[in-house]
Each structure stands twice: as structure tokens, then as C-alpha cells.
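Below is one structure, written out as C-alpha cells, with a few remarks after it.
The values are calculated or read from the model by the stated rules, or taken from the named source; none is laboratory data. Bear in mind the structure is a predicted one, so any value in this text is a computation, not a measurement. Positions of Cβ are backbone-derived with ideal geometry, glycine not excepted, and every protein chain shown enters the neighbour counts.
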Amino acid sequence: MKEIIDLTKILNSHIKPLEFEIIEGALKGDLECMQKVVDYYQPYLRKLATKELYDADGKKYYVMDESVRCQLENKLMASVLKFNLEKKDK
């Protein structure tokens with residue numbers, strides 16, 4: 001059974017998906033393409049690395065942990081390089 005992909009969410013989104021050529025280049029180790037992939041996911045990585053903290057007076061503030069963001073960025077790049085673009089037949 002083929003999986004049907006609903007493209008309406010993508011087409012109606014203000015965020016455009018990465019071009020196939022960029023992904024393909026990143027998979028081959030092209031540094032410029034890999035940088036574009038990392039830049040594309042940077043807002044999400046920053047959000048994941050942001051912590052909610054409270055000061056002594058109970059005032060809430062947000063701090064992005066740079067080391068966590070770097071770890072996430074490295075994990076993203078490692079995952080991209082391990083990704084197999086070939087379709088698997090069962």
C-alpha cells in the first residue's frame with residue numbers, strides 16, 4: 001500500500017520546504033548545502049535549546065543554552081550524513 005502524502009499543509013505553509021537538490025547535496029557532504037540545511041532548522045534548534053528560568057523575585061525569563069543548540073546542530077548534521085535517500089523495497 002502506498003502512503004499518500006497530504007501536500008495541502010506544505011503548500012499552505014509560509015515555510016517552504018528545502019529543495020531536493022539542497023538535501024541531496026548535503027547527503028553527499030557538500031558544505032554549502034549542509035549549511036543551508038542547518039540554517040533552515042536553526043529556529044527549531046533554538047526553540048529546543050531554550051529554557052524557561054525564574055529569578056529570585058519569581059520573574060520568568062528565557063535563556064537559550066548555546067551548548068545544547070550546538071549539540072542539536074551536530075546531531076542534525078550527523079543524521080543528515082547517515083540518511084539513505086534510496087527507496088527500500090520490502
Filter pass, Gly29 being in a loop (DSSP other than H, G, I, E, B), surrounded by 10 or more Cβ atoms within 10 Å (Cβ to Cβ) and at pLDDT 90 or above: yes
Members of region 41-85 that are among the β-branched types (Val, Ile, Thr) and in a helix (DSSP H, G or I): Val68, Val80
Cβ pairs under 6 Å, 6+ apart, first in region 9-31 and closer than 19 Å to Met77 by Cβ, second at pLDDT 90 or above and β-branched (Val, Ile, Thr): Ala26/Val37; Ala26/Val80
Pair list, Cβ under 8 Å, 6 or more apart: region 41-60 residue under 30 Å from Lys16 (Cβ atoms) and touching a residue at least 12 places away in the same chain (Cβ under 8 Å), other residue in a strand (DSSP E or B) and of a type in the set (Val, Ile, Thr): Thr50/Val63; Lys51/Val63
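Results for (1) modelled with pLDDT under 90; (2) within 24 Å of Val80 (Cα to Cα), shown as yes or no for each residue.
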| position | (1), (2) |
| --- | --- |
| Ile5 | yes, yes |
| Ser13 | yes, yes |
| Ile23 | no, yes |
| Val37 | no, yes |
| Pro43 | no, yes |
| Ala49 | no, yes |
| Tyr54 | no, no |
| Tyr62 | no, no |
